[in-house]
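Here's the structure, in structure tokens; my notes come after.
The values are calculated or read from the model by the stated rules, or taken from the named source; none is laboratory data. Only a predicted model underlies this, so the values are computations on that prediction, with no experimental measurement involved. No Cβ is skipped: glycine too gets one built from the backbone with ideal geometry, and neighbour counts run over all protein chains shown. The area values use the complete protein model at the heavy-atom level, side chains included, leaving out ligands, DNA and RNA. Shrake-Rupley method; radii C 1.70, N 1.55, O 1.52, S 1.80 Å.
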Amino acid sequence: MSVAGVSVKTLVLLAVLVAGGAWGWAASTESIGVDLGGGYANTTVTIPGGFWLASFAAMFLGIFITVRPRRAALLGVLYAVCEGFCLGAISASFDAQTEGIVGAAILATVCVFVAALLLYVTRIVKPTQKMAFAVIAGMGGLMLLYTFVFVLSIFNWGWLYSESFRTVGVVVTLIAIVLAALSLMLDFGTIEGGVQAGAPKELEWYLAFGLMVTVVWLYISILKLLALLSRNR
């Protein structure tokens, strides 16, 4: 395997992801003739048919790829289509509430990716076992927190729209963005380590898949942060 090979395959998966996103966006939006005022898109958004099917398909494909890395070539492309479809629908709903938020989130994601790559290439920040442990522990903590919030929302839904939750949400989402950026560096380290170890070329698809998943996580976290910050407008 080579760095160039992983890079090309990552670009292929991201291109498929974007195509799936365009499909999901188009399937969930419909233009309306009413002017909603500044800051709001003139569209109505509905959950497209097949959204939940695509969500579960992406989840099971992701699990299967993790268990069988050598199947990542074909299954990674299918995952990108399903995940992109869901991301497109979700992004459309965010953009309908705050016009331009998706473009800002994409730009911010690219900037964070480039910054993480530069920090890794210049060795200002080095991926270590301690960093990997911290990222895994942080992700576990976030999962427990999200589960707690989900259970709490069942009994008190209105709290999700309170100012206190907005403050907590901003802090937690910032932590998620930092963890996603550190995960990118771990991905870069894994790719470089695989190249140095002479890993088989077919694993390029698996590492490209992992990098794409991290980018998606980073994008969703930034999108959520921007939505929380724009709530009081």
Query raised in the report: Restricting the search to segment 177-233, which residues are farther than 19 Å from Val18 by Cα, among the β-branched types (Val, Ile, Thr) and surrounded by 22 or more Cβ atoms within 10 Å (Cβ to Cβ)?
Result: Ile191
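Determine, yes or no, whether Ala72 is closer than 26 Å to Gly20 by Cα and either outside any loop (DSSP other than H, G, I, E, B) or of a type in the set (A, V, I, L, M, F, W, C) (or both). If you could, list the steps in order and put the result at the bottom.
Values: closer than 26 Å to Gly20 by Cα: yes; either outside any loop (DSSP other than H, G, I, E, B) or of a type in the set (A, V, I, L, M, F, W, C) (or both): yes.
Answer is yes for this residue.
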Query raised in the report: Hey, does segment 97-104 have a residue that's at pLDDT 90 or above, open to solvent by less than 30 Å² (accessible area, probe 1.4 Å), in a helix (DSSP H, G or I) and under 20 Å from Met59 (Cα atoms)?
Result: no
Query raised in the report: Checking Leu184 against (1) in a helix (DSSP H, G or I); (2) at pLDDT below 90, which single condition isn't satisfied?
Result: (2)
Report task. For segment 165-177, state whether one or more residues are of a type in the set (Val, Ile, Thr) and more than 20 Å from Leu142 (Cβ to Cβ). Result -> no
Report summary line: Exactly one of Thr109, Thr46, Thr29 is over 26 Å from Glu202 (Cα atoms) and at pLDDT 90 or above, and that residue is Thr109
